[in-house]
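K.L.:
Have a look at this one before I ask anything.
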Amino acid sequence: TIVTDGARLFVNSTGNSGMATGGSGDVLTGIVASLLGQQLDPADAAALAVFSHGLAGDLAAQELTGRGMIASDLLRFLPAAWRALETL
């Protein structure tokens, strides 16, 4: 995924094909909305949301199978993704 505001470009390296499931985009939209509600810059919010969403998907795929993932699995692994981000 590529995120840009016209001046900056962010290339996301997280995520997997198991995330191509109904509701996954709704989870991403909720993350973006939450970050915007915390007054993050829109481009930063989008980049952070895409990265954390993908990281949650990667963590879910490690424990589950990618083919069997559903959107609620992303929600289940989102706290672990945020914990991992806090250590960077």
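K.L.:
With the requirement that a residue be assigned to a helix (DSSP H, G or I) and surrounded by fewer than 16 Cβ atoms within 10 Å (Cβ to Cβ), what does the stretch 77-88 give you?
P.N.:
So the first thing to find is which residues in the stretch 77-88 are assigned to a helix (DSSP H, G or I), and the list is 77-86.
Of everything in the stretch 77-88, those that are assigned to a helix (DSSP H, G or I) and surrounded by fewer than 16 Cβ atoms within 10 Å (Cβ to Cβ) turn out to be Pro79, Ala80, Trp82, Arg83, Ala84, Leu85, Glu86.
K.L.:
For the stretch 30-40, which residues satisfy the criterion of being assigned to a helix (DSSP H, G or I) and either out of contact with any helix residue (DSSP H, G or I) (no Cβ under 7 Å at 6 or more places or on another chain) or at pLDDT below 95 (or both)?
P.N.:
The answer is Gly30, Ala33, Ser34, Gly37.
K.L.:
Still on this structure: Can you tell which of Ala49, Ala43 is over 18 Å from Ala80 (Cα atoms) and assigned to a helix (DSSP H, G or I)? It would help to see each step written out before you state the result.
P.N.:
On the way: Ala49 fails: over 18 Å from Ala80 (Cα atoms).
Just one listed residue meets the conditions, Ala43.
K.L.:
Turning to a different aspect of this structure: Limited to the stretch 15-29, what total is found for residues that are small (Gly, Ala, Ser), in contact with a Leu (Cβ under 9 Å, 6 or more places away or on another chain) and in a helix (DSSP H, G or I)? I'd like the intermediate steps shown before the answer.
P.N.:
Let us first name the residues in the stretch 15-29 that are small (Gly, Ala, Ser), namely 15, 17-18, 20, 22-25.
After this cut, where a residue has to be in contact with a Leu (Cβ under 9 Å, 6 or more places away or on another chain) as well, the list is 15, 18, 23-24.
Adding the requirement that they be in a helix (DSSP H, G or I) leaves 18, 24.
Adding up the residues that qualify gives 2.
K.L.:
Restricting attention to the stretch 22-60, which residues are more than 10 Å from the chain's Cα centre (by Cα) and either buried (at least 19 other Cβ atoms within 10 Å of the Cβ) or among the charged types (D, E, K, R) (or both)?
P.N.:
Asp26, Leu35, Asp41, Asp44, Ala45, Leu59, Ala60 - these are the residues of the stretch 22-60 that are more than 10 Å from the chain's Cα centre (by Cα) and either buried (at least 19 other Cβ atoms within 10 Å of the Cβ) or among the charged types (D, E, K, R) (or both).
The values are calculated or read from the model by the stated rules, or taken from the named source; none is laboratory data. Bear in mind the structure is a predicted one, so any value in this text is a computation, not a measurement. Methodologically, a virtual Cβ is constructed for each residue, glycine included, from the backbone with ideal geometry; neighbour enumeration extends over all protein chains shown.
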